[in-house]
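Note sheet for the following structure.
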Amino acid sequence: MGFLDKAKELAEQAKDKAGDAMEKAGDLAAKGVDVAASGVDKATGGKFTDKIETVSGKLEGVLDPDDSTGLRSAAGEDATGEDATGEDGPKADDSGKSTE
């Protein structure tokens with residue numbers, strides 16, 4: 001095995017390990033957002049629940065795009081089945097056309 005082959009192999013191993021670490025960090029950060037959102041919601045007496053859920057849902061989507069924490073569903077709903085966007089208006093499909 002030549003020097004370049006060995007270097008490529010080591011680079012690939014490093015890339016795999018970095019990806020795993022980033023995924024775990026995203027999962028933990030998303031869980032932290034969920035815990036923080038629950039605390040803020042409790043501290044405000046539920047007065048801003050819809051806004052808190054909207055922001056935390058968007059943050060969790062950025063931090064854990066594959067939803068490995070199970071906090072969101074692919075349909076944009078949180079684990080309770082509620083709309084994570086906090087919006088009650090008409091829904092749109094991927095093309096932007098209203099589905100209602």
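The values are calculated or read from the model by the stated rules, or taken from the named source; none is laboratory data. These numbers were taken from a predicted model, which means no experiment stands behind them. Here Cβ is always computed from backbone atoms with ideal geometry, including for glycine, and neighbour counts include all displayed protein chains.
So here's what we get for this one:
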| item | result |
| --- | --- |
| Some residue of segment 5-22 being modelled with pLDDT of 90 or more, under 14 Å from the mean Cα position of the chain (by Cα) and among the aliphatic types (A, V, I, L, M) | no |
| Number of the condition not met by Glu77 [criteria: (1) over 11 Å from the mean Cα position of the chain (by Cα); (2) modelled with pLDDT of 65 or more; (3) among the charged types (D, E, K, R)] | (2) |
| Selection within segment 29-53 - among the aliphatic types (A, V, I, L, M), within 16 Å of Asp64 (Cβ to Cβ) and touching a helix residue (DSSP H, G or I) at 6+ places or on another chain (Cβ under 8 Å) | Ala29, Ala30, Val33, Ala36, Ala37 |
| Verdict on Gly89 being loosely packed, with under 11 Cβ neighbours inside 10 Å, modelled with pLDDT of 80 or more, of a type outside the set (Ser, Thr, Tyr) and part of a loop (DSSP other than H, G, I, E, B) | no |
